[in-house]
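Scroll down for the structure; my scribbles are underneath it.
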Amino acid sequence: MTRTTRARYTLELKQEAVRLVEGGQSIAAAARTLGVVDQTIFNWVKAHR
């Protein structure tokens, strides 16, 4: 069995994702733009709020 490692994201990337979503971009569009899973960005936005 192989172990998977969790991706580590910089604070700057998280802030950029939140800024995009709060600026009117959908979570899905922001995820495609930044190359991150939708659920991850959803979690960052939720934590920010």
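Compute the length gained on full extension between E22 and D38: take 0.36 nm times their separation in residues and subtract their Cα-Cα distance, giving the result in nm to one decimal.
That pair, E22 and D38, stretches by 4.3 nm at full extension.
Note the angle between two axes, namely the Cα long axis of helix 38-48 and the longest principal axis of the Cα atoms of the chain, as a number of degrees from 0 to 90, rounded to the nearest 10.
Helix 38-48 and the main axis of the chain meet at about 60 degrees.
Let me have the 222 nm mean residue ellipticity of the chain computed from DSSP H runs of 4+ only, each contributing -39500 (n - 2.57), with the sum over all residues rounded to the nearest 500.
Helix contribution divided over all residues of the chain: -19000 deg cm²/dmol.
For the chain, build the charge dipole from Cβ charges (+1 Lys, Arg; -1 Asp, Glu) around the Cα centre, then report which of T5, A30, H48 sits farthest towards its positive end.
Working it through, the farthest residue towards the positive pole turns out to be T5.
Compactness ratio of the chain: Cα Rg over 2.2 N^0.38 Å, N = residue count?
Taking N as the residue count of the chain, the ratio is 1.20.
Laboratory data are not the source of any read-out in this text; all were calculated from the coordinates shown. Being a predicted model, the structure only gives us computed values, none of them experimental. FYI the Cβ positions are ideal-geometry reconstructions off the backbone, even for glycines, and counts take in every protein chain you see.
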